[in-house]
1. Checking the conditions here, which among A:Ser374, A:Ser417, A:Ser404 is closer than 25 Å to A:Thr214 by Cβ and not assigned by the TED database to the domain that holds A:Pro281?
2. For residues in the range A:396-440 being assigned to a loop (DSSP other than H, G, I, E, B) and open to solvent by less than 10 Å² (accessible area, probe 1.4 Å), which is farthest from A:Asn56 (Cα to Cα)?
3. Does any residue in the range B:429-451 that is among the aliphatic types (A, V, I, L, M) come within less than 8 Å, Cβ to Cβ, of a residue that is at pLDDT below 80 and surrounded by 15 or more Cβ atoms within 10 Å (Cβ to Cβ) six or more places away or on a different chain, and which pairs are these?
4. Would you confirm, using the coordinates I've provided, whether A:Ser346 is within 19 Å of A:Asn117 (Cα to Cα), of a type outside the set (Val, Ile, Thr) and either open to solvent by 10 Å² or more (accessible area, probe 1.4 Å) or within 14 Å of another protein chain (Cβ to nearest Cβ) (or both)?
5. Among residues belonging to the range A:249-279 that are farther than 18 Å from A:Ser208 by Cβ and either of a type in the set (Lys, Arg) or away from every other protein chain (no Cβ under 13 Å) (or both), point out the one that is least open to solvent (accessible area, probe 1.4 Å).
6. Only residues in the range A:172-198 that are closer than 20 Å to A:Leu356 by Cα and modelled with pLDDT under 95 count as the first member; pair them with residues that are open to solvent by 60 Å² or more (accessible area, probe 1.4 Å) and assigned to a loop (DSSP other than H, G, I, E, B), Cβ under 8 angstrom, at least 6 apart or cross-chain, and list the lot.
7. Among the helices (runs of 4 or more DSSP H) confined wholly to the range B:125-209, which include 1 or more residues that are in contact with a strand residue (DSSP E or B) (Cβ under 8 Å, 6 or more places away or on another chain) and more than 14 Å from every other protein chain (Cβ to nearest Cβ)?
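The values are calculated or read from the model by the stated rules, or taken from the named source; none is laboratory data. Quick caveat, the model's predicted, so the values are computed rather than measured. FYI the Cβ positions are ideal-geometry reconstructions off the backbone, even for glycines, and counts take in every protein chain you see. Areas reflect the complete protein model, heavy atoms only, side chains present, ligands, DNA and RNA absent. Shrake-Rupley method; radii C 1.70, N 1.55, O 1.52, S 1.80 Å.
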Amino acid sequence: MAIEIEQPRVGLSKIAVSKTHGEDSPYFAGWKAYDENPYEEFGNPSGVIQMGLAENQVSFDMLEDYLEQHSEEASWGKKASGFRENALFQDYHGLQFFRKAMASFMEQIRGGRAKFNPDRVVITAGATAANELLTFILADPGDALLVPTPYYPGFDRDLRWRTGVNIVPIHCDSSNNFQVTPQALEAAYKSAESMNIKVRGVLITNPSNPLGVTIHRSTLEHILDFVTLKNIHLVSDEIYSGSVFSPTEFTSVAEILQWRNYKDCERVHIVYSLSKDLGLPGFRVGTIYSYNDQVVTTARRMSSFTLISSQTQQLLGLMLSDEKFTGNYITKNRDRLRNRYEKMISGLRNAGVECLEGNAGLFCWVNLSPLLESQTRESELAVWDLILHRVKLNISPGSSCHCSEPGWFRVCFANMSEKTLEVALKRIQIFMEERKIKSD
Amino acid sequence: MGFISSNRNNEQLLSKIATNDGHGENSSYFEGWKAYDSDPYHSTQNPNGVIQMGLAENELCFDLIQEWVQNNPKASICTAEGANEFKEIAISQDYHGLPEFRQGVAKFMGKVRGDRVTFDPDRIVMSGGATGAHETLAFCLADPGDAFLVPTPYYPGFDRDLRWRTGTQIVPVVCESSNNFKLTKEALEAAFQKATEAKIRVKGLLITNPSNPLGTILDRDTLKTLVRFTNDKNIHLVCDEIYAATVFNQPGFISIAEIIEEELYCNRDLIHIVYSLSKDLGFPGFRVGIVYSYNDQVTSCARKMSSFGLVSTQTQHLIGSLLSDDIFTEKFIAESADRLAKRHEIFIKGLAQVGIGSLKSNAGLFFWMDLRRLLKEPTIEAETALWRLIIHEVKLNVSPGSSFHCSDPGWFRVCFANMDDDTVKIALRRIRNFVLQRKGLDQGPAKRPCWQNKLQVSLSFRRLDDFVMAPHRMSPHSPISSPLVRARN
C-alpha cells in the first residue's frame, strides 16, 4: 500500500487543460439528463426523449436484410480464409475496392451529376477526424476558417482544439432563412482581418446541420468565386448528402466544379461519412475527397493516425459495391426521412410551433422565440431547461450552435421509432396548450 | 481522371505542417519498402524478388485465430448468428468504448503479464492504433517546443508520431553497442542535461519495452532506475509495451505496471502505457490502439481525444469476444511465443554459422543483426552503401540501424515473423551466400578467425541443412555443395 506523499503537480499540456474540447457546452448537458432518465416505451414512459442526437435509425432493416443475404462474404469469405489478409492490411491508401465503392456511392447520391475518382478518396476514422485533419493541412495555428452560423457544435473541437486554428463566424439569420449572403461572407473576412487573423478557408456544411436545408446553387457558386478571389480553401462537409428528401434539391460543390471543367478546383475539398446516411456512426467511416494532389498525399499520410478498421472497410466495401442495394437504399431512405419530417412539421404546426422550411437532414430547425421572455441567450437557455426538465425532451439550443438569433432549437426526428416521435409531439402539443391557457 | 491543376501558389496554400518533412517518409526506412513494392518476392511468380524483412508483423499464428473466428460466428456481427446485435453495435459511438471490449483488452493485458498485475477496464482508452496513442499522449503531456527523451535506437515512426502535428521534439538518449545498448542512468542524465542547456523543456521519457529494434527487454533494476529518474525530474514516463506478448525466451517480461506496485514512492500520475493488438495478435489492419494512463486527468483528456481515432465498434465487438475467451488467449499466448522462439532460433543459428552475430534477444518480431565487420569503415555512409547492396543484390529488405538513429553504424533490424517457412529458408540462404561471397573477396588476416570458425562448424552445416532444408531434397544452392566452402575446406 503506497504511503501518501505530497507530490508536485505534474504539468499537462495547454491543450489538455483547455476547455476547447467543448464538453461543457449545454449541447452535452442535455445528454446527461437523458442518460440519467432515458425514455422507454414500456419501461420508462415518462423519461426524457432524446431529440438532441442526429442519428439515422429509420433504415436499419435494409442493412440487416443485406447482411442476412450476404453473411458469408461479409465475414471474410468461406471458412474465414480472407481473415489473415484483411487483419494484416494497414496500408493508408485503404482497400482499393472500398475506395471504389465509396466513390461510386457518392456518385449515386448525387444522381450521377458528379464523378468521383477513387484515387482521391482518403480514409479517416469518421468525419470528426476528417475535419480536424483537413484543418491541420490547410491552416497554421492562429489562422482561421470562416464558418456560417449556426453550425454543428462539434466543429469547435474538431477545427480548433488540437490544431490551434480559430473559427470566425459568418453570421446568418432568419431574415433570409439563414442563407449565406455575399455581405455576410465579406463581413466575416474583414472581421478576421481586423483581428490580424489570416483566413485560410471557408467551411460549409451542405446540407446544413442544424438547419436541415440544402444550400442554393447560386450561393455555392458565389462562395466558390469568393474563395477563388481570396485564394483560400473551401471545405464542403456533405455528410448529410444522402439525407436530402428529394433527389433534385441537392447541389454538391462537386457538380459545380465539374460543370466549370474543374477550373480552380485545387482549393476544394469534400468531407463525407457513413454515420448519417447509412446510420453507422460506430463504424467510424469518414472520407476526405480533395481535388488537390498535395492535399490528397498529405492527408493520406496523416490518416495513419486515424485509419478505418480494415474489417469495416471489407464489410462496407462489399455492401456499397452492390449498386442494386445502394440504389434501393438511397431512394427508400430518402422517402422515409421525408415522411418523418412531414410528420414532425405537421405535429409541430398543430401545436402552434413554426420551423424553418427544411428539405434534408435528420432534424428540424424550430422557432421557439415566442416562448422567450426576452430575446437573449439566457432566456433561450431558460426555455431549453424547461423543455428538458418539464416536457422531458432533450433538444439542442441554438446558442450551442452559435446562432446569433436567440430562440431557435434543433430537434431530431430520425433517431427514434415513429411511436416515440408521436409521444414527443404529443408532449409538445400539451406543453404549448398549457402555455396558451396560462397566457389567456 | 487528372485535373489540369494550376497549383499556382500551392506551397503557400497549405500549412507548415502539410509542407514540412514531419511525415518522415523521406527516411531511408521507407526506401527499402519502395524497393520491395516494385519487385516483391513471390515463391512462384517472382522467386528472385526482394524478400520483405523490414516489416515487423506477426504472421505465425493466424491459423489459431482463423479457427476461433470460424467457431465463433457470433463475434462477427455480419454473420447470421451475430446480425441481431448489428444495430446496437453500429449505432454506438460512445468514446468510452463497448464494455466487453475494454474488459477483454484489460484481461488480455493482464494475461500477457502472467496475471501478475490487473488492468482496470475503465482506464482503457482507444486510439487509432499505437500510432494514434503516441500522438495523443504527446498532445496531452507536452506543449509545442517541449521534448521527450527517447533511447536510441528507436522505431522510426516516433519521429512522425511524437513530433509531426504536435510540434514536440525528441531528444535522444544514446545507447551504445559497447555495453549491449543497455539504458544507463548516465545516458539519461546526459540527455536531460543536453536538453536543459539548449533551453528545451523535457516533459517525459518514452521507452519501448520490449525494445524495437533491439528485441530485448528491460530488467528490473533498469526499470526501477527509470521510475526513480522520472520521479526525481517530475517528468512523465511513457512505456510502449506493444511487443509484450512476443517475449519468447527467458528472462520473463516485466511490465512497468508491476514495477509501480513495488515502488512505494512512485508518483503514478506520471505513468502511462501504450498498447496495441497489431504485434501481439497480428491485427495491424484493425487499428486497435490503447492508451492506459494511471493519471485520471490524462485518461479523461485522452478519452476526449479518442474521438479522432476510435476503434470501429464492429472490431471492438470481435476483439471483446476473442479476448474474453480465456482458453483461447492462454493457448494463443503460449503457442505464439513458442513459434516465435523457433523462428528466431533458425535465423540466429543459420547466421552464426557464417559468422554473423546479433544482439542476444528474447522478444520482438525481429533481431538486431551485427554487420559491423562487413563495413568498409564505421560510418553511416558505409552502412548505407552496405544496406543498398543488401536490398538490390541480395534482395532482402532489412532496415539499417541509422534509420533507427543508432549511434553505431553497421547494425540492421531483420524481421522474421512476417513470412512462411519456405521464405525463411530462401532468405537465410541469400544472407549466407552473400556473407560467404563477401568473405571470399576479402583476403585480410583479420578475417581468418572467421574461416577457422567455418572449419569448425562445417559439420554442423549438415545438421542445419537437415533442419532447414526439405528432407528429401538437396538444393543446388546448399552450402555443402557451394564451391566456396569446398575450396576453403
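1. Values: A:Ser374 fails: closer than 25 Å to A:Thr214 by Cβ; A:Ser417 fails: closer than 25 Å to A:Thr214 by Cβ.
Among A:Ser374, A:Ser417, A:Ser404, only A:Ser404 is closer than 25 Å to A:Thr214 by Cβ and not assigned by the TED database to the domain that holds A:Pro281.
2. Within the range A:396-440, the first condition is being assigned to a loop (DSSP other than H, G, I, E, B), and the residues that meet it are A:402-407, A:413-417, A:440.
Okay, now just the ones that are also open to solvent by less than 10 Å² (accessible area, probe 1.4 Å), so A:407, A:413-414.
Working: A:Gly407: 25, A:Phe413: 9, A:Ala414: 5 Å.
Of everything passing the filter in the range A:396-440, A:Gly407 is farthest from A:Asn56 (Cα to Cα).
3. B:Leu436/B:Pro479; B:Leu436/B:Ser482; B:Leu436/B:Val485
4. Working: within 19 Å of A:Asn117 (Cα to Cα): no; of a type outside the set (Val, Ile, Thr): yes; either open to solvent by 10 Å² or more (accessible area, probe 1.4 Å) or within 14 Å of another protein chain (Cβ to nearest Cβ) (or both): yes.
Considered against the rule, which asks whether it is within 19 Å of A:Asn117 (Cα to Cα), of a type outside the set (Val, Ile, Thr) and either open to solvent by 10 Å² or more (accessible area, probe 1.4 Å) or within 14 Å of another protein chain (Cβ to nearest Cβ) (or both), A:Ser346 comes out as no.
5. A:Arg267
6. So the pair list comes out empty.
7. On the way: elements: B:129-141, B:157-163, B:185-197.
Qualifying helices (runs of 4 or more DSSP H): B:185-197.
This table checks each residue for (1) more than 7 Å from chain A (Cβ to nearest Cβ); (2) part of a loop (DSSP other than H, G, I, E, B); (3) hydroxyl-bearing (Ser, Thr, Tyr).
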| position | (1), (2), (3) |
| --- | --- |
| B:Asn48 | yes, yes, no |
| B:Glu57 | no, yes, no |
| B:Leu60 | yes, yes, no |
| B:Asp63 | yes, no, no |
| B:Glu67 | yes, no, no |
| B:Ile77 | yes, yes, no |
| B:Glu85 | yes, no, no |
| B:Ala90 | no, no, no |
| B:Gln93 | no, yes, no |
